[in-house]
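Values in this text are rule-based calculations from the coordinates and carry no lab data. Since this is a predicted model, take the numbers as computed values, not measurements. Methodologically, a virtual Cβ is constructed for each residue, glycine included, from the backbone with ideal geometry; neighbour enumeration extends over all protein chains shown.
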C-alpha cells in the first residue's frame, strides 16, 4: 500500500485550502490511483515561519499499479495544474503532495527518497496515518505511527487539530 500526504496553506484560483486538497485528490483518482482510505483534515502551524498561514493536511492510503517514478510524475503534473509554483523551501503553497511510503520500498535517488525522510517526525503525517492505517510500520525504523507520535515532543503532539471534516470526492 501507498501512503500519500496532501497539504495546502494558500487559497488558489480553485478556492480554499480544503478545495485545493479535494481537487488534488480527485485528480489522483482520475490518474488511476485507487484510494482505499482518506483521513480527516488536520491543521498545523506553518514551519519554520509561524507567520505564514496554517497548513491543512490529509493522509491517503492508496494502491497504484505502476512504479513510484510514474506516481511522482503524476503528482508533479497535479501540483502544477492546481497552480503550485516551486519557490524557496518551506514557503506557502497551494498544494503539496508527498509520497510518504510506497509499498515499504527503501530508495534514494536525486528526485525521491523513500520512505519520506522526515515522515517519522512530522505530526501532520503521523496523525493521519494513525487514523487510517494504525498497523502501518515505518519501513526503516520498523515502528508504528503511535510509537512515533509518542516520541514527538509535546509541542508537536498538541499543536495539531483534527478537523472532523472530510474531502469532497466527485462522483461523476
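Filtered by the rule that a residue be outside any loop (DSSP other than H, G, I, E, B) and more than 12 Å from the chain's Cα centre (by Cα), the stretch 44-60 gives a lone residue, 44. Quick check on the stretch 142-154. Is at least one of its residues surrounded by 12 or more Cβ atoms within 10 Å (Cβ to Cβ) and touching a residue at least 40 places away in the same chain (Cβ under 8 Å)? Scanning the stretch 142-154, I find no residue that is surrounded by 12 or more Cβ atoms within 10 Å (Cβ to Cβ) and touching a residue at least 40 places away in the same chain (Cβ under 8 Å), so the answer is no.
So which of 6, 10, 27 ends up being under 14 Å from residue 98 (Cα atoms) and either assigned to a helix (DSSP H, G or I) or under 16 Å from the mean Cα position of the chain (by Cα) (or both)? Before the answer, list the steps.
On the way: 10 fails: under 14 Å from residue 98 (Cα atoms); 27 fails: under 14 Å from residue 98 (Cα atoms).
Within the list 6, 10, 27, the selection yields 6.
Is it true that residue 32 is surrounded by fewer than 17 Cβ atoms within 10 Å (Cβ to Cβ) and part of a strand (DSSP E or B)? Give the derivation first.
Values: surrounded by fewer than 17 Cβ atoms within 10 Å (Cβ to Cβ): yes; part of a strand (DSSP E or B): no.
The answer is no for residue 32.
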